[in-house]
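What follows draws every value from the coordinates through simple rules; no lab data is involved. Remember, predicted model here, so these are calculated numbers, not experimental data. Glycine also receives a Cβ, built like all others from the backbone with ideal geometry; neighbour counts cover every protein chain displayed.
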Ligand code: ATR
């Protein structure tokens, strides 16, 4: 019998990561030849040493989370297009003596969206991305593939310009004053900033009373389940979604890369995660 495939997530902090719940749910359901998916605390200062140890101890794949995605990118021998463009790796595969890296965040974002939503609010539509950090790179990469007309607003506008240059994407870089003037023209508004992660944060980047009714609002944050951003969208009767399905989508793509098997039963998983 083949050895059980070993996988885990590394990052810091790692205690609250939901990835073990997701992957172990699928490993059980799919009845595949895999060991229990672990979570391992690794800080940036120990990244290289820890990675070598994990490879030596027989790991087949790792998910990489904050703050290690850029470090993982620089350790890879082979990279997929999504990793090269976003300069970020969230999934590692060790095979043939090489480190392979991909970034499944863009496809995870795409998988989280309903087909009708993409047709109605994204494809050839005006999409506003708030933020220009690592998550914004994944979202802009994915939106560009869906033929969105992209505008980006970030507190530090140079970072938005750099993001476009790295991705090779054409987007309007907005200043604070442009946002107010243009708010009523957007069909899709996505928050990728970390503003709202802490329940005491208020995300006031948008005046939701100016947003048109047919617009769709998305926040990558899934904990809290309804961020202040989504609460404001709700109060203005707008349709909205949090980042839980993107979290599941990026995990599903990693699972497929490692196990060559489509993860089963996502509705059951969503309700399981929503109860946590
Ligand atoms: P992630 O990997 O989750 O995207 P990140 O790369 O650290 O995290 O990016 C965080 C994003 O949230 C950035 O766009 C950051 O803006 P700056 O580039 O100006 O730092 C944004 N952000 C964080 N705190 C913010 C705040 N209080 N107001 C506005 N934007 C904020």
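Summary of computed values
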item	result
Three-way shape call for region 159-202 based on the alpha-carbon gyration tensor, with the a/c threshold at 1.5	oblate
Degrees between helix 47-56 axis and first principal axis of the chain (Cα, 0 to 90, nearest 10)	40 degrees
Debye-sum result for region 21-77 in log10 I(q)/I(0), which assumes one identical scatterer on each alpha carbon, at q = 0.13, 0.16, 0.19 Å⁻¹	-0.39, -0.58, -0.77
Residues of region 257-276 with amide N under 13 Å of the 7 Å Cα→Cβ point at residue 32	257-265
Point-to-point label distance, residue 4-residue 170, nm (Cα→Cβ direction, 7 Å offset)	5.3 nm
Virtual spin-label span in nm between residue 201 and residue 98, 7 Å along Cα→Cβ	3.8 nm
The chain: mean projected area of Cα convex hull, nm²	14.5 nm²
Percent RCO, i.e. relative contact order, over the chain, from Cα pairs under 8 Å lying at least 6 residues apart	16 percent
Descending semi-axes in Å of region 133-276, equivalent ellipsoid built from Cα gyration tensor	27, 21, 14
Fraction of antiparallel bridges per DSSP, the chain only, in percent to nearest 5	20 percent
Stokes-Einstein D in µm²/s, Kirkwood radius over Cα pairs - region 1-52 at 25 °C with 0.890 mPa s viscosity	203 µm²/s
Region 53-93: C-alpha pair distances exceeding 11 Å, %	63 percent
Tensor-based shape of region 1-115 (alpha-carbon gyration tensor, a/c under 1.5 rounded, otherwise prolate or oblate)	rounded
Relative contact order (%) - criterion: Cα under 8 Å, at least six apart; region: region 4-61	51 percent
Hypothetical label at residue 276: residues of region 1-41 whose amide nitrogen lies under 14 Å (7 Å Cα-Cβ projection)	9-10, 14-27, 37-40
Using alpha-carbon coordinates, inclination of helix 244-259 to the longest axis of the chain, degrees	30 degrees
Degrees, to the nearest 10: 134-145 long Cα axis against longest axis of the chain	70 degrees
Kirkwood-based shape ratio for region 191-276, expressed as Rg/Rh from alpha carbons	1.05
Gap separating the Cα centres of region 200-223 and region 50-98, nearest whole Å	33 Å
Residue-averaged 222 nm ellipticity for the chain, from DSSP H runs of 4+ at -39500 (n - 2.57), nearest 500	-11000 deg cm²/dmol
Relative contact order (%) - region 84-168, alpha-carbon pairs under 8 angstrom, separation at least six	29 percent
Sequence ranges 219-229, 116-126, ranked by mean other-Cβ count within 10 angstrom, highest first	219-229, 116-126
